[in-house]
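Heads up, the thing below is written out as structure tokens.
The values are calculated or read from the model by the stated rules, or taken from the named source; none is laboratory data. Just so we're clear, the structure is a prediction, and the values are computed from it rather than from any experiment. A quick note on method: Cβ atoms are made from the backbone with ideal geometry, for glycine too, and the neighbour counts reach across all protein chains shown. For the accessible areas, the whole protein counts, side chains as well, though only heavy atoms, and no ligand, DNA or RNA atoms are used. Shrake-Rupley method; radii C 1.70, N 1.55, O 1.52, S 1.80 Å.
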Amino acid sequence: MEEIKLLFFILSSFFSIENERIAADKTEVRIFPQEQKIEIFQENLFALIQSKNDEALVLKQWDSLYNWKQNRTPWSKALDNFLVKDLKFTPEEMTTQTHKVLIRPYLTLKYKSANDLSIMGIWYKSKKNEFYINHIPGHNIKSKNGRLKGNYWVFSANDTINFTIEPFLNLNDNLKSSKVSLQELLRKHKK
């Protein structure tokens, strides 16, 4: 079995965008095996920026993602077997003192067969009617309906699969210093 793919937490990896820069601190994944549907919610988008060139690249990528329909941004070839692919951005009202509205990507995908999920690092075993994900401690995967068995998260194919992944909780100091909130970057360039 392979690792869970960065597809879940690198937003631009869903599309044919090179040098992906836009990621999410936290991703919630819901898989509905009976409907063959996946919902992916990403929170707290950010980019790693170390130069002005990086900043320009992130802004260009953001335009390609946010206006993906108008720009006809192609989806990643890895998703060719998926029947439906959609991306929406839903504002999420925050209840902080500043009442900021944050952008929250919401992706929906429909697949043909349980084996299509393998490109995402989710494996199906028909004999047990279960899905498996490699457990990598640094990815900080949590689930209320999955069971951690040894090196794998195990989910029943009869139920909805829910898990969150937070792979950027323990960034080294060098990466932390180059991490920039996408919201702040966009605000800076609206001026």
Just to confirm the filter: which trypsin sites (Lys or Arg not before Pro) across segment 100-164 are DSSP coil and have at most 16 other Cβ within 10 angstrom of their Cβ?
Lys100, Lys112, Lys127, Lys128, Lys144
Just the number please: accessible area per residue for the chain, 1.4 Å probe, all protein chains included, in Å².
56
How far, in degrees from 0 to 90, does helix 52-66 lean away from the longest principal axis of the Cα atoms of the chain, to the nearest 10?
60
Working only with C-alpha atoms, what are the Rg and Dmax values of segment 28-80, expressed in angstrom?
14.8, 47
Where GluC sites (Glu not before Pro) fall in DSSP loop in segment 1-92, at most 12 other Cβ within 10 Å:
Glu2, Glu3, Glu18, Glu35
Given springs between every Cα pair under 10 Å in a Gaussian network model of the chain, which of Ala56, Ala23, Ala78 has the largest fluctuation?
Ala56
Expected output is a single nm value to one decimal: the length gained when fully extending between Asn162 and Lys112, i.e. 0.36 nm times separation in residues minus the C-alpha distance. What is it?
16.0 nm
If DNA, RNA and ligands are ignored and the probe is 1.4 Å, what is the ranking of Ser76, Ser51, Ser126 by accessible area, most exposed first?
Ser126, Ser51, Ser76
Whole number please: convex hull volume per residue of the Cα set in segment 38-166, in Å³?
159
Just name one of Leu182, Asn134, Thr160: the one whose Cα is farthest towards the positive end of the charge dipole of segment 123-191 (beta-carbon charges, Lys/Arg +1, Asp/Glu -1).
Leu182
For Ile31, Ile10, what's the largest-to-smallest order of accessible area, 1.4 Å probe?
Ile10, Ile31
